[in-house]
Amino acid sequence: MSELWIQPTGATLAADIHGVDLSSAMNDTTFGRIAEAWAQHLVLRFSGQKIDDRILMAFSARFGELDRVPIAAASLDRADSDVVADARDWVAVISSVKKDGKAVGSLGSYELVWHTDMSYNPLPPRASLLYALEVPPGGGNTGFLNMYAAYETLPDDLKRAIDGKTCIHDSSRNSAGELRRGFQRTLDVRQTPGAVHPLVRLHPVTKRKALFLGRRPGAYIHGLPVEESEALLDAVWAHATQERFAWYQKWRAGDLVLWDNRCVMHRRDAFDESLRRLMHRTQIVGEAVLAG
Ligand code: OGA
Ligand code: MN
């Protein structure tokens, strides 16, 4: 049996966890080391795994209670997915694959803009775990941003401007900008539906402050005139999305990537829509967002 070892990527976040076979039982000591590495590196990659939905769910549940899958775009029929019926509430299918012309999963092959998963909920997930079953030979890389570093390096005037402020996180669209089932288009950002969270959040485990931006479309800083909110958000987003805070995952089948949704944002490059990419994702119930 190989030993667990942790190899940081060298970017401002993310590490590889080697020597772990997620399909076999894991003791609490090993899990403790993984949890510690996660707090330190924010994103962890486990490569060369061979797991089914049961194992994905069981490993995910060690990080907390499983959260329900997000509300799908109106075009999706989840009954067509390859997830067994009793796991469908907990395992989201993220895929470009079509069966009889219909998508079997969410988010297609297009670009996903920087976002936090499901931050439009009052209790946004603590973590997401994305497992690659099939990947295209190129494209569809997933980027991650360190939002502690983004906060810590924010110029003082911007820090002061967002101090104590809250922001609306749009629940009407998914990270590809598609309208969700049951929602209508909103043009005035003051009317955006979704949860309101502090722009600076205190991480409950590390006690560090992170920018908590969610997603740019539909965002609105509570109480500000719309133009002021737009200008301030643009400035903070321009700072936070610099490549120096980013690391990109180039997927191989068998990669499981776990990210801390409280202090990381992520995005995805587009890829050729004729290529198959199939991922299964779980999400862990989070806690109320503490102001930093
Ligand atoms: C997600 C997501 C990125 C990807 O599942 O939340 O943003 O690479 N996916 O598909
Ligand atoms: Mn996402």
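The values are calculated or read from the model by the stated rules, or taken from the named source; none is laboratory data. This one's a predicted model, so the numbers in the text were calculated from it and none came from an experiment. No Cβ is skipped: glycine too gets one built from the backbone with ideal geometry, and neighbour counts run over all protein chains shown.
Annotations
- Among strands (runs of 3 or more DSSP E) entirely within the range 104-165, having at least 2 residues that are under 16 Å from the mean Cα position of the chain (by Cα) and farther than 25 Å from Thr192 by Cβ singles out 127-134, 142-146.
- When Thr206, Thr192 are screened for being of a type in the set (S, T, N, Q) and free of Cβ contacts under 8 Å to residues at least 40 places away in the same chain, only Thr192 passes.
- In the range 243-281, residue nearest to ligand 1 (Cβ to nearest atom) [restricted to those that are more than 16 Å from Leu211 (Cα to Cα) and of a type in the set (Gly, Ala, Ser)]: Ala270
- Selection from the range 203-237 of residues that are crowded, with 20+ Cβ neighbours inside 10 Å, assigned to a helix (DSSP H, G or I) and among the aliphatic types (A, V, I, L, M): Leu233, Val236
- Residues satisfying the stated conditions in the range 1-45, i.e. out of contact with any Asp or Glu (no Cβ under 7 Å at 6 or more places or on another chain) and under 17 Å from Leu133 (Cα atoms): Asp21, Leu22, Ser23
- Among the residues of the range 259-292, those that are of a type in the set (Lys, Arg) and within 11 Å of ligand 2 (Cβ to nearest atom) comprise Arg267, Arg268, Arg281.
- Screening Ser229, Ser175 for residues that are among the hydroxyl-bearing types (Ser, Thr, Tyr), outside the structural domain of Thr9 (by TED's automatic domain parsing) and within 16 Å of ligand 2 (Cβ to nearest atom) leaves exactly one candidate, Ser175.
- Test result for Gly182, in contact (Cβ under 8 Å) with a residue 24 or more places away in the chain, closer than 30 Å to Ile55 by Cβ and more than 13 Å from ligand 2 (Cβ to nearest atom): no
- When restricted to residues that are free of Cβ contacts under 8 Å to residues at least 40 places away in the same chain, under 20 Å from Tyr148 (Cβ atoms) and not aliphatic (A, V, I, L, M), the range 17-41 contains 3.
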